1. Under the condition of being modelled with pLDDT of 85 or more and polar (S, T, N, Q), which residue from segment 161-210 is surrounded by the fewest Cβ atoms within 10 Å (Cβ to Cβ)?
2. Is there a residue in segment 147-156 that is free of Cβ contacts under 8 Å to residues at least 24 places away in the same chain and on the phi > 0 side of the Ramachandran plot?
3. Any idea which of Ile185, Ile191 is assigned to a helix (DSSP H, G or I), of a type in the set (A, V, I, L, M), under 22 Å from Gly121 (Cα atoms) and touching a helix residue (DSSP H, G or I) at 6+ places or on another chain (Cβ under 7 Å)?
4. Based on this model, can you work out whether Gly145 counts as under 26 Å from Ile196 (Cβ atoms), part of a loop (DSSP other than H, G, I, E, B) and assigned by TED's automatic domain parsing to the domain that holds Ser171?
Amino acid sequence: MTTALFCTKCGKKAAEGDLFCAQCGNSLTAATEDAPKAAAKPRRSLKQELAQIQGVGFWVALFVTLPTLSLPTVLVKVIAPGMMDAADAQSIWNVLVLTAPLTASLVIVILAIHYDWFDNGWVLMLFGAGLLTVTTLIANALSIGGGVDPGAVWQAVGYQPFRFFEGLLVSYYQLYGFWSFASSIVVGGFIAWLWIDKIVPNLLTTSKGK
């Protein structure tokens with residue numbers, strides 16, 4: 001029996017040679033004709049999707065604002081978690097603006113890992129270094145967020161390409177401090193999750209329905 005390709009996430013049949021699902025962007029794997037039935041998942045309503053985003057956003061905002069909150073406030077929020085409100089969204093936005101070059105790069109690197117853009121880890125590292133350099137230069141030119149000097153980092157690592165990415169991350173850690181650096185990672189992960197799990201599947205579904 002000829003083996004067909006189906007997406008293990010949404011069950012859509014793929015054309016021969018496709019590496020990613022045209023509907024949800026998931027990596028494709030070989031499967032039998034029964035795969036779509038096993039892979040099919042019920043679609044959530046828009047209300048459910050927004051509720052999940054607000055729920056996850058609440059915990060992201062709690063993390064990034066943790067140093068500014070009193071212990072009683074933290075305990076109340078943990079014991080009785082709510083949904084992301086305007087103040088929470090503003091906190092996430094503040095971190096995004098403050099750490100723009102690093103956060104933007106992290107989002108794209110996470111997408112690269114999720115969609116398997118690169119098979120080699122060293123290539124991914126070089127990609128990350130180049131990407132972070134570009135976002136840093138753009139942010140510095142536009143005066144958005146705090147950025148480091150890539151040239152100074154390049155000299156500090158002894159002109160070694162494979163240490164450049166590490167040097168950039170260390171420089172950003174020293175510039176932002178632990179909590180802002182960690183918040184940048186969390187917010188970057190949140191944005192990447194929105195794109196992968198919420199935006200792309202709905203865009204592809206809408207496009208398919210037209």
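1. Across segment 161-210, the extreme among qualifying residues is Gln174.
2. No - not one qualifying residue is present in segment 147-156.
3. Just one listed residue meets the conditions, Ile185.
4. yes
The values are calculated or read from the model by the stated rules, or taken from the named source; none is laboratory data. Bear in mind that the values here come from a model prediction, so they are computed numbers and not experimental data. Cβ: placed from backbone, ideal geometry, glycine included. Neighbour counts: every protein chain shown.
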